[in-house]
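First comes the structure, then the notes that go with it.
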Amino acid sequence: MSEALVAVEAAGTDSTVPAASGARLFWRRLRAQRAALVAAAVVALLVLIALAAPLLTAVEGQDPTTYHPSLIDSARGGVPVGSFGGIGAHHWLGVEPQTGRDLFARLVYGARISLGVALAATLIQVAVGVVVGVSAALGNQWVDQVLSRITDIIVAMPLMIMSLALLAIVPPSFPRPVLVTLVIGLVAWGGVAKIVRAQTLSAKGLDYVSAARLSGWKTRHIARRELLPGLAAPVITYAALLVPMNISVESALSFLGVGVKPPTPSWGQMLTAADVWYQAAPQYLLLPAGALFVTVFALTVLGDGVRTALDPRAASRLRVGTGRKKPADGVRADAADKKKEATA
């Protein structure tokens, strides 16, 4: 039912266009944004480095936890021996001050923690937010009021303060990356729930949803078959912007000492230990900070590109590399593409 309406609305003529053309239009719009393509390539490279961390460190011949006391100068307070922090054939980015642990190995393994925690927390936020938002919109007035007030409380709670409080009372034996993921995911789903509830309330009054209800479909079937596909665009857009925020939260928690604990490497944890070494060993501070900045910036640009591609009427917030000097031209181009596919 909804598929037929999508086809009619997309065509705008007597002929129908397959619903799959929406995906092609999305990719066409995304490819038109050079900044988003570059950001996607950077994100893909970072994910590949995180997945290949054991292989990369094996090629280097190091690991992220082994101490090398012979590579630090105890007389100077633990400064790495050699120039540029001990960079050499066996230590590609040098070693940590005081410990002598390989900096390259800790950096690539830290990418696993930072990216993994952020992605997993985003999935939890989306899952909980979609369930709460759809339930509030489709439930009766009492259910809507209760779930909406709970969502307001979640949104109003300071994320960092709540995370600090929860992480401080959990026993140290609990796996810290898993704990950080659960805390971020279960404390910050309110934004997703609000967006989903608003979109679902708007879709409830559309003709195809009313037709499904009159046909005798149950509420859960209407939600699964008619409403959830329409929620994909706003949820994906918001999730793409949540990932960089979650990376920053994980790094901040590790920087404050309540996140990932040593010897497990994390970019935020590395920054915590590097704050007193920025003069003696600046690469120890600059490398994790640079990796964190590049990751967050690339994910932000990619999320903005996804948002613009899903909603071509909304101009990009980033005025660099969008490839769209005149938004009206882009809208006319999309209409022309639809017309060509309709007459094909």
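The values are calculated or read from the model by the stated rules, or taken from the named source; none is laboratory data. Predicted, not measured: the structure shown is a model, and the values here were computed from it. Backbone-built Cβ (ideal geometry, glycine too); neighbour counts: all protein chains shown.
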Checklist entry - Do you know which of the residues in region 178-216 that are among the polar types (S, T, N, Q) and surrounded by fewer than 22 Cβ atoms within 10 Å (Cβ to Cβ) is farthest from the chain's Cα centre (by Cα)? => result S215
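This table checks each residue for (1) closer than 21 Å to T300 by Cβ; (2) touching a His at 6+ places or on another chain (Cβ under 7 Å); (3) free of Cβ contacts under 8 Å to residues at least 12 places away in the same chain; (4) assigned to a helix (DSSP H, G or I).
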site: Q125; (1), (2), (3), (4): yes, no, no, yes
site: P177; (1), (2), (3), (4): no, no, no, yes
site: A193; (1), (2), (3), (4): no, no, no, yes
site: R213; (1), (2), (3), (4): no, no, yes, yes
Item to check | Which numbered condition L286 fails, given (1) at pLDDT below 85; (2) surrounded by fewer than 19 Cβ atoms within 10 Å (Cβ to Cβ); (3) within 22 Å of R106 (Cβ to Cβ) | outcome: (1)
Checklist entry - Taking region 250-260 on its own, how many of its residues are assigned to a helix (DSSP H, G or I), crowded, with 24+ Cβ neighbours inside 10 Å and not charged (D, E, K, R)? => result 3
Checklist outcome for this item: Scanning region 261-280 residue by residue, those surrounded by fewer than 24 Cβ atoms within 10 Å (Cβ to Cβ) and part of a loop (DSSP other than H, G, I, E, B) turn out to be K261, P262, P263, T264, D275, V276, W277, Y278, Q279, A280
Checklist entry - Which members of region 66-82 meet the condition of being in contact (Cβ under 8 Å) with a residue 40 or more places away in the chain and part of a helix (DSSP H, G or I)? => result R76
Item to check | Residues that are surrounded by 10 or more Cβ atoms within 10 Å (Cβ to Cβ), under 25 Å from L231 (Cα atoms) and among the polar types (S, T, N, Q), drawn from region 137-177 | outcome: Q145, S148, T151
Checklist entry - Out of A32, A10, which single residue is within 23 Å of P229 (Cα to Cα) and modelled with pLDDT under 90? => result A10
Item to check | Single match in D63, D144 (criterion: in a loop (DSSP other than H, G, I, E, B) and free of Cβ contacts under 8 Å to residues at least 60 places away in the same chain) | outcome: D63
Checklist entry - Name the pairs: first residue in region 294-319 and surrounded by fewer than 20 Cβ atoms within 10 Å (Cβ to Cβ), second residue modelled with pLDDT under 85 and not in a helix (DSSP H, G or I), Cβ to Cβ under 9 Å, at least 6 apart or on different chains? => result T300/L318; P312/R324; A315/T322; A315/R324
Checklist entry - Are any of the residues in region 239-248 assigned to a helix (DSSP H, G or I), over 24 Å from L164 (Cα atoms) and at pLDDT 80 or above? => result yes
Next on the checklist: Checking the structure you have, find out if any residue of region 150-163 is in contact with a Lys or Arg (Cβ under 8 Å, 6 or more places away or on another chain), assigned to a helix (DSSP H, G or I) and modelled with pLDDT of 90 or more.
Outcome noted: yes
Checklist entry - Any residue at all in region 76-95 that is of a type in the set (A, V, I, L, M), crowded, with 23+ Cβ neighbours inside 10 Å, under 33 Å from the mean Cα position of the chain (by Cα) and under 24 Å from G290 (Cα atoms)? => result yes
Item to check | Any chance S114 is hydroxyl-bearing (S, T, Y), crowded, with 18+ Cβ neighbours inside 10 Å and modelled with pLDDT under 90 | outcome: yes
